[in-house]
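Comments concern the structure below.
The values are calculated or read from the model by the stated rules, or taken from the named source; none is laboratory data. Bear in mind that the values here come from a model prediction, so they are computed numbers and not experimental data. With ideal geometry, Cβ positions are generated from the backbone for all residues, glycine too; neighbour counts draw on all protein chains shown. Accessible surface is based on the protein model in full, side chains and every heavy atom, while ligands, DNA and RNA are left aside. Shrake-Rupley method; radii C 1.70, N 1.55, O 1.52, S 1.80 Å.
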Amino acid sequence: PVKFDICEKWSKEPSNKRVRPLSRVSSLANLISPSKNGAVRRFGQTIQNMSLRGDSKSPGASLKPCSKAAGPTPPKRRNSTLWSETLDVHQKSTFSTKEIKRQEAIHELSRGEQDLIEDLQMARKAYHDPMLKLSIMTEEELTHIFGDLDSYIPLHEDLLDKLAKGTGPNGTVGHIGHIVVDWLPGLNAYRDYCSNQLAAKALLDQKKQDRRVQDFLQRCLESPFSRKLDLWSFLDIPRSRLVKYPLLLREILRHTPPDHPDVPCLEKAIAIIQGVLSDINVRKGESESQYYINKLEYLDDRQRDPLIDNCKTLLCHGELRNKSGSKLHVFLFSELLVLTRPVTRNERSCYQVYRQPLPIRDLALEDLQDGDVRMGGSFRGAFSQGEKAKNVFRVTSLDPTHGQSHTLQVNDVFHKQQWLNCLRSAINAQPQQQRAPLRDQHSEATTMTRAKRRSSVVSMSDMVGEGADENVFSQVGEPILGCKGTETLSGSGSSSKIKREWSRGTHRRRKETGL
């Protein structure tokens, strides 16, 4: 007897058609014809793996692994060939080891210029122009973010051209010193670009909140041309390239024989690039300082210290915690130490000045050892005895009109050391005649007594409740929590006023509750 099954059906097909035995079809993946397309091949492998595992997920859920498997094309790789690898064995034997290293350093300089030119062109072609054409950003916004990148391409092409002309028939550059000496001053063109970087980064971060911008940048990041670099990495490449020039020139000089004519020219070139970088840093520092000064928000005009207009350099800034555990953003300018709280006003981020800015000339710094103080505030400390703090230092104003002392905590010991170094440098940079006189034992005791009185006032306000409105500030910006109707601090009578208000509030609450 003959059995009629699906095999018989296939046997009736035309003889010229290729028939695949049923025993070889182990899954749906084997029904897909071979293809050079990697995405299709991976798609079939994913289905086969799922069938072998016996996954019982829903069809909708099974599509997710497929999309992950079909990942983006591998990123573009750059040529990293060494200069010596371009030589044959006979050519390589004609050069000394020192000369090979010298030519390798020159080749590294030349290759870096070529990479920089490609990156600047890519930033224009793949980011700027498409976003302008698709109206993802306005031309004004793009100009603010990208600056004048196109104008720097001819500058670096000029160096490449000079290096090419200085290359001999054997592939070596005999003299490079006079080339870089003549070319390096042109890097001063980057002063405006570097000065604008902080504002450009802030605008780019703001625009990333736009879904269209975020989607466009994500697609670019997943494309091969990006080399897994985001837009800001491309925009920051010129700055990172600038700081490499001294290193490259020193490396060339290190492998140059002492009697070579390039030695004095290279030494001069290193001095030139250091001067260029110093000037760019000064301009960048002034721009950064002014950027944050414009973002300061004063609750009272009396908080605005006249010295703020003299602050041309921002030495250090970052998030610290005070003794009560509150987060503060602290700015160390060349003339002032400003404690602030980050806030948002009309969708604009700014920094609300906390208390009165402290002049550096009146500042005393104390490095506190781990466990010397307890953090957490008086209310929590009454029950838990506080927490022994690590990475803490104290700044105190020696001016009795300020009478401020702040215990500040840093995240780790590395950043604490950075803060201490910056504060010491700022204090030592003040003219000796402008510094506050050193305190003797009597003035030290007086200051400690005043500090204890101030801390007792703050402790009472802390015990009222930590959830009170932090925007209620006194004349000098100190929060007076829970003291309804308290007048602004003025003179020596302020402490008694707060105590009277505290007593009235306590008596009123007892009367209302019947206690």
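Among Glu140, Glu157, the sequence by solvent-accessible area, most first, with a 1.4 Å probe is Glu140, Glu157. D by Stokes-Einstein for region 80-294, Kirkwood Rh over Cα pairs, 20 °C, 1.002 mPa s: 111 µm²/s.
Total lysine pairs in region 80-294 at Cα distances under 17 Å, for residues eight or more apart or on different chains: 6. Computed over neighbours whose Cβ is under 15 Å from that of Gly285, the net charge equals 0, Lys and Arg +1, Asp and Glu -1. Mind checking which of Asn196, His107, Leu155 is farthest towards the positive end of region 80-294's charge dipole, using Cβ charges of +1 (Lys, Arg) and -1 (Asp, Glu) about the Cα centre? Among Asn196, His107, Leu155, the one farthest towards the positive end of the dipole of region 80-294 is His107. Restriction of the trypsin sites (Lys or Arg not before Pro) in region 311-349 to DSSP coil positions whose beta-carbon has at most 16 other beta-carbons within 10 angstrom yields Lys312. Annotation: Cα Rg of region 222-262 relative to the compact-globule expectation 2.2 N^0.38 Å equals 1.83. Dipole size of region 80-294 about its Cα centre, with +1 on Lys/Arg Cβ and -1 on Asp/Glu Cβ: approximately 400 debye, rounded to the nearest 20. Placing a label point 7 Å from the Cα of Arg374 along the Cα-to-Cβ direction, the residues of region 392-409 with a backbone N closer than 20 Å are 392-394, 406-409. Where in region 332-351 is the amide nitrogen less than 17 Å from a point lying 7 Å along the Cα-to-Cβ axis of Gln209? Residues 342-351 qualify, since their backbone N sits under 17 Å from the label point.
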